[in-house]
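Notes to accompany the following structure.
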Amino acid sequence: MKVAECMTPDVETVTPDQPIREAARFMLRADTGVLPVVQEAALRGMITDRDIAVRAVAEGMGPDTPVGEVMSDDVLCVYEDQSVEEAAQLMRDEQIRRLAVKSRDDDRLIGIISLADISRSTRDEAAADALEGITEPGGEHNQSMSG
């Protein structure tokens, strides 16, 4: 199965200069914990509800703080024509639960694939393998501003 067959298309996005207040409102409306950050049709990063809470609020930043100040800019992506198994393997290896999905034709953001998307769409071991890797201690991703 290809990523395009189970990803969530047409995701809400924010720009780096929008305030985190707007990002939080978008998350509430869309019932999601993550938003891609896009500028001039290019994916620049991701912001999560945890970024807002841990990187912004806990550090005393206000609701008008630009998204670009608290977003993660090292975004891992897959292309829509890659297999779900490849996406699950990347999630496992990097210990993450979501990946941005880009179009191979023009490299623009076209959706997000999550562990939940994979688990709902496959009957094989892809989701279980990814979950096992994600829940192992360690990994390079953290919430500090320096890393």
Exercise. Each label point is 7 Å from the Cα along the Cα-to-Cβ direction; what then is the distance between the points at Ala116 and Glu69, in nm?
Worked result: 3.0
For this session: Work out the FRET efficiency for Asp106 and Glu22 from their Cβ-Cβ distance, taking R0 = 22 Å, and round it to the nearest 0.05.
Result: 0.25
Problem set entry | 10 Å beta-carbon shell around Tyr79, net charge (K/R +1, D/E -1) | -2
Problem set entry | Stretch gain in nm, segment Ala41-Asp10, where the contour uses 0.36 nm per residue and the Cα spacing is subtracted | 9.8 nm
For this session: Work from the charge dipole of segment 3-134 (Cβ charges, +1 for Lys and Arg, -1 for Asp and Glu, about the Cα centre) and give the residue of Gln95, Ile118, Gly68 farthest towards its positive end.
Result: Gly68
Problem set entry | Å³ per residue enclosed by the Cα convex hull of segment 3-134 | 96
Seminar exercise, completed: The alpha-carbon center of segment 3-32 and that of segment 73-122 are separated, in whole Å, by 16
Exercise. Taking the Cβ of Ile52 as the center, what net charge do the other residues with Cβ under 14 Å away carry, scoring Lys and Arg +1 and Asp and Glu -1?
Worked result: -2
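Coordinate-derived values only; no laboratory data. Computed from a prediction, not measured in an experiment: that's the story for all the values here. Quick reminder, even Gly has a Cβ in these numbers, built from the backbone with ideal geometry, and neighbours come from all protein chains shown.
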